[in-house]
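Right, one structure below, let's go through it.
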Amino acid sequence: MKPFFLWRHLNKLRWVSLSVVFAMLVLLPYIHVYQTYVAAHAYDLLAPSEQRVFDVMETLTQPFTNDPAEDLDAIKGNTWSGTFWGLKLSDPLAALGQMAAGLTLYWPFLLTALIPIGLSVVFGRFFCGWICPATFIYELNSNLASWLRWAGLKVGNRRLDKRIKYGVLAIGIVLSAATGSVLVAAIYPPAIIGRELYYMIGIGGFGAGAMFFLGTLLFDLLVARRGFCRYLCPGGALYSLLGRYRLFRIRRIVETCNDCAKCNAVCEFDLDPLRDGFGQECNNCTACIAVCPTDALTFAVRITDYPAQGPGHLGRRYRGEHEDVAGHEEAA
Amino acid sequence: MKRRSFFKVLGAGAAAAVSSEPTRAAANRPSLRYLRPPCALEEEEFLAHCINCGQCGEACPNRCIKYFSLENGLASIDTPYITPREKACILCMKCGDVCPTGAIQPVPREAEAIMENVKMGHAEVDESLCLSYQGKTCGVCYRACPLPDVAIRVGRLEQPHVLENCVGCGLCERSCIQMPHAIRIVPSHG
């Protein structure tokens with residue numbers, strides 16, 4: 001059985017998706033700045049660098065708007081919470097954090113998290129692999145780590161307990177409730193990235209979150225590969241819980257697997273595709289599908305993982321065992 | 001080890017946030033006198049509602065909304081505020097439209113609705129600093145007010161009298177030509 005040919009290319013599509021989201025997070029603050037320039041009617045008073053921003057943004061947005069000050073309000077925000085032509089979408093963690101901070105249910109806001117929650121129930125932790133702007137940087141950081149390792153430097157490759165992040169989620173929620181402020185937002189990288197990019201471009205300067213994010217990058221580099229996402233991210237924990245019984249999951253085709261273990265090596269989340277161990281942490285990033293030399297990984301529509309299927313049929317171990325069996329049969 | 005230090009940081013943060021007395025004191029320091037965006041909820045409720053997404057700042061055509069780092073306490077981290085002396089609110093009400101959580105309530109951009117719902121603070125005149133009270137006709141605050149004769153009225157020599165309807169946008173404070181400024185907004189939060 002061959003997997004559908006497109007699955008192999010989904011990893012490229014995923015990089016396109018990550019890049020587009022990140023590019024939007026850079027573009028939106030510039031659009032905001034451009035809008036304020038338009039609203040002020042003072043092109044002549046702008047500094048040359050500001051005029052350059054104005055010109056570029058005018059060229060970029062002109063085909064889509066008549067009145068930039070109003071029309072460009074259609075898209076605002078970031079992946080933590082955003083507005084798209086009146087449709088407001090928010091991170092489930094934002095909804096949970098706000099519920100904890102106020103100890104109330106504010107439905108107009110909670111409903112904005114409904115679509116992301118629904119998608120997570122179906123696709124699991126897909127946000128982490130496909131949208132999260134921090135993932136974009138963390139994966140580049142992870143690539144940097146492998147280059148450094150190739151150059152002979154020591155980088156962190158420790159393994160911690162993946163359940164720590166559920167503790168971080170719990171602590172974040174308890175802290176939010178104790179302080180009456182949505183503090184999970186301060187330790188959640190995609191929220192930080194969205195905010196800090198806006199601070200940097202729209203206001204100038206960084207907030208406290210930038211330092212925190214820098215710390216997580218160093219943690220990934222020096223302690224554990226993709227350590228923050230694997231072991232500490234509160235949002236990742238929430239998405240993992242939501243995606244526990246996701247419909248779309250990756251499965252191994254045992255007949256064509258040759259036990260090369262490239263899937264385990266490439267998995268950013270330290271999962272075990274080789275032994276059918278995906279679990280709730282898999283973010284359907286499809287890196288393992290892309291790397292598989294024998295096309296032995298594919299998507300399945302199931303609400304639980306396949307039980308362990310044993311060694312791959314093209315692998316040395318399986319063939320060895322079965323030659324023995326064949327030999328015995330001949331002898332008898 | 002890394003994990004332990006991480007929790008230590010969290011613990012220290014929690015301790016700082018739970019003991020909110022220094023935070024309150026900090027809010028009353030003159031250098032940290034700030035306004036919340038127009039029609040924001042009462043401070044405690046505002047902090048509980050705001051998810052720090054930054055959309056209000058992104059919607060503000062006047063770029064007057066800024067964001068706290070840690071200077072106003074941990075609970076206020078990344079929440080929006082306005083320093084009227086630097087840049088005041090022009091009451092465009094776009095932040096309320098874009099706010100997903102209701103921390104800033106939506107209000108139509110009409111004088112009546114604004115006067116009824118918005119209460120960022122209240123302007124107060126320091127007569128010992130005000131030029132008009134020193135015999136030099138000024139009246140700049142009155143000219144800057146978006147609700148003239150409703151929120152502020154001038155008497156003899158353009159001496160300003162702030163009325164009950166003042167919504168606290170801060171345009172008078174920003175426009176005051178005295179240094180230090182003779183008219184200032186007293187924020188309606190604690």
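The values are calculated or read from the model by the stated rules, or taken from the named source; none is laboratory data. Note that the coordinates shown come from a computational prediction; the quantities given were computed from them, not determined experimentally. All Cβ positions, glycine included, derive from the backbone under ideal geometry; neighbour counts span all protein chains shown. Note: areas computed on protein heavy atoms with side chains; ligands, DNA, RNA excluded. Shrake-Rupley method; radii C 1.70, N 1.55, O 1.52, S 1.80 Å.
A few comments on the model shown:
- Angle between chain A longest axis and helix A:10-40 axis [Cα atoms, degrees, rounded to 10]: 10 degrees
- For the pair region A:148-167 / region A:103-141, the C-alpha centres are spaced 24 Å from each other.
- Euclidean distance of C-alpha centroids, region A:200-238 and region B:54-109, integer Å: 25 Å
- For region A:149-196, trypsin sites (Lys or Arg not before Pro) are listed when DSSP marks them as loop and at most 12 other Cβ atoms sit within 10 Å of their Cβ; the list is A:LYS154, A:ARG158, A:ARG159, A:ARG163.
- Cα long-axis angle, helix A:133-150 against chain A (0 to 90 degrees, to the nearest 10): 50 degrees
- Projecting the Cα atoms of A:GLY97, A:ALA151, A:ALA134 onto the charge dipole of region A:80-240 (Cβ charges, centred on the Cα centre) puts A:ALA151 farthest toward the positive pole.
- With N counted as the residues of the protein assembly as shown, its alpha-carbon radius of gyration over 2.2 N^0.38 Å works out to 1.18.
- Rounded to whole Å, the principal axis extents of the Cα atoms in region A:80-240 read 54, 37, 33, largest first.
- Each helix, a run of at least 4 DSSP H residues, gives -39500 (n - 2.57); summed and divided by the residues of the protein assembly as shown, these come to -13000 deg cm²/dmol at 222 nm.
- Computed over protein heavy atoms with a 1.4 Å probe, the carbon and sulfur contribution to the accessible area of the protein assembly as shown reaches 62%.
- Average beta-carbon neighbours from other chains, 10 Å sphere, peptide A:88-101: 3
- Segment A:TYR43-A:ILE75, length gained on full extension (0.36 nm per residue, minus Cα span): 9.1 nm
- Exceeding the 21 Å Cα-Cα cut-off - candidates B:LYS66/B:LYS119; A:LYS76/A:LYS165; A:LYS88/B:LYS94; A:LYS2/A:LYS262: A:LYS76/A:LYS165
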